[in-house]
Every structure is written in structure tokens, then in C-alpha cells.
């Protein structure tokens, strides 16, 4: 009886812990619909890595910029580059996932099919590791984000926490560091160049773009036009 009673107490405690974790994550995501985060999990991880390597003078570039003060050229550029069905899906682009699987079955390298919502979930809350555990947490936070935030808020968050270069986070800091101007004044070419390095911002360089980055910039510019440019954003922007 004593062992059975102890087991029940342990199970009850575990259930309470799980319930509290769910409540805490839901309330945190809900609050972030209006509260701008001072940092992200990816930024914190980069700082810890620098400190572990003995770099006590590590500094990252990060400046939050409200959506209204970000050029539409930057917003449509990241959509064209990373998630062209952003306004249509509910967090997961099932068509892109299916295409990726079929291409892999034909012998091509398995490419990522993460949406902007999934990338926000990963960058804001999680760690950079390819594992089923992380993907499960990513899916959970993606559902919360899509349920509790507007599409405009998701895009605003992405533009502010995405890494656009080594230790450079957000379009505000990237605009000043790379072009010497505010995010509000970015041209289509500059927006496309920033978006061009998103697949690997620690190797691809906005300030010294390689031929690959320039080719990707040209492709993104064409995609921005094909999507309708500024008019694409009107589907989910607040009036």
C-alpha cells in the first residue's frame, strides 16, 4: 500500500509539473503577442558559446524595430526567400514538405521546408539541433504562435530575431551594420540581399556577397515581383 501511495503521489506531482509547463508556455506566447522580446534563445546560445570559448567581450547586434518602421521591401523579401505560402498555411507548409520528401526519394539532398512560423518558434524558444525532440517542441510552439498571434506579428517577430550575419540579429541592426541606414529605407535590392543570406548567415555575407549570394538575390527579386510585391502583404496586415 505504501509503495502504491508513493507512486500515486509521484504521478500526481508529474501531472502538476506538466500542467504548469503547458500553462507557462501558453501564457508566455500569449504575452509575446504584445511584448517585444529583449533577446531570443538563439541569441542567448551564441552568447553562452562565446563565453565558453573565453570571449568575455562578446557583443551582438540587435535592435527591435516595429513593423510599421520596417520597409515592405524587407518583409516581402523574406517571404519570397523563405515561405511563399506564408499567408495561406497555418504554420506548416504541407505542400513543401511533400515536395521535399519526393525530391529526396529521387536521390536529391533533403532540403528544409520550415515555414517562417516554425523558424520563429525555433529561434525564439529552442536550440539549434537536428533531433526529433527539438522538432516536436518546435511543432508545439508553432501551433501556439499561429493560434495566439496574427500573421503580421509572426512576420514582425521573424524580421526582428532572424540572424542576418554573424552576431547580427534582426533587420534593424542588419540595415545599420550592412547599409548604414534604417530598416524603413531599405530598397528592394537591399531587402533581397539580406534575405539571400538567411539559409546560412554565418557563412554567407551581406557586406561582401559571393556570386552565389548575388544569384540568390536576383532570384528573390524576381520572386518578390511574382508574388505581387507590396500588395501581397495587404492580405494580413492590420488596417
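Give the residue that is surrounded by the most Cβ atoms within 10 Å (Cβ to Cβ), with candidates limited to residues of segment 176-205 that are under 20 Å from the mean Cα position of the chain (by Cα) and without any contact (Cβ under 8 Å) to a residue 24 or more places away in the chain.
204
Go through the residues of segment 149-164 one by one and say whether even a single one is farther than 28 Å from residue 193 by Cβ, buried (at least 19 other Cβ atoms within 10 Å of the Cβ), more than 8 Å from the chain's Cα centre (by Cα) and modelled with pLDDT of 95 or more.
No; the residues of segment 149-164 include none that is farther than 28 Å from residue 193 by Cβ, buried (at least 19 other Cβ atoms within 10 Å of the Cβ), more than 8 Å from the chain's Cα centre (by Cα) and modelled with pLDDT of 95 or more.
Can you tell me which condition residue 237 does not meet? The list is (1) at pLDDT below 95; (2) more than 21 Å from residue 33 (Cβ to Cβ), and all the others hold.
(2)
Pairs please, first residue from segment 47-60 and within 19 Å of residue 173 (Cα to Cα), second anywhere and part of a loop (DSSP other than H, G, I, E, B) and at pLDDT 90 or above, Cβ atoms under 8 Å, 6+ apart in sequence or on different chains.
Pairs that qualify, where the first residue is within 19 Å of residue 173 (Cα to Cα) and the partner is part of a loop (DSSP other than H, G, I, E, B) and at pLDDT 90 or above, are 47/60; 58/167; 59/167; 60/167.
Spot the failing condition for residue 220; the list is (1) under 18 Å from residue 61 (Cβ atoms); (2) in contact with a helix residue (DSSP H, G or I) (Cβ under 7 Å, 6 or more places away or on another chain), and only one is missed.
So the condition that residue 220 fails would be (1).
For segment 94-147, which residues satisfy the criterion of being closer than 27 Å to residue 26 by Cβ, modelled with pLDDT under 90 and in a helix (DSSP H, G or I)?
Scanning segment 94-147 gives 94, 97, 132.
For residue 20, which of the numbered conditions (1) surrounded by 11 or more Cβ atoms within 10 Å (Cβ to Cβ); (2) more than 28 Å from residue 67 (Cα to Cα); (3) modelled with pLDDT of 95 or more fails to hold?
The number of the failed condition is (1).
Please determine, by comparing only the residues of segment 31-53 that are within 17 Å of the chain's Cα centre (by Cα) and in a helix (DSSP H, G or I), which one is surrounded by the fewest Cβ atoms within 10 Å (Cβ to Cβ).
44
The values are calculated or read from the model by the stated rules, or taken from the named source; none is laboratory data. Owing to the predicted nature of the structure, the values given are computational and were not obtained by experimental measurement. So basically every Cβ, Gly included, is an ideal-geometry build from the backbone, and we count neighbours across all protein chains shown.
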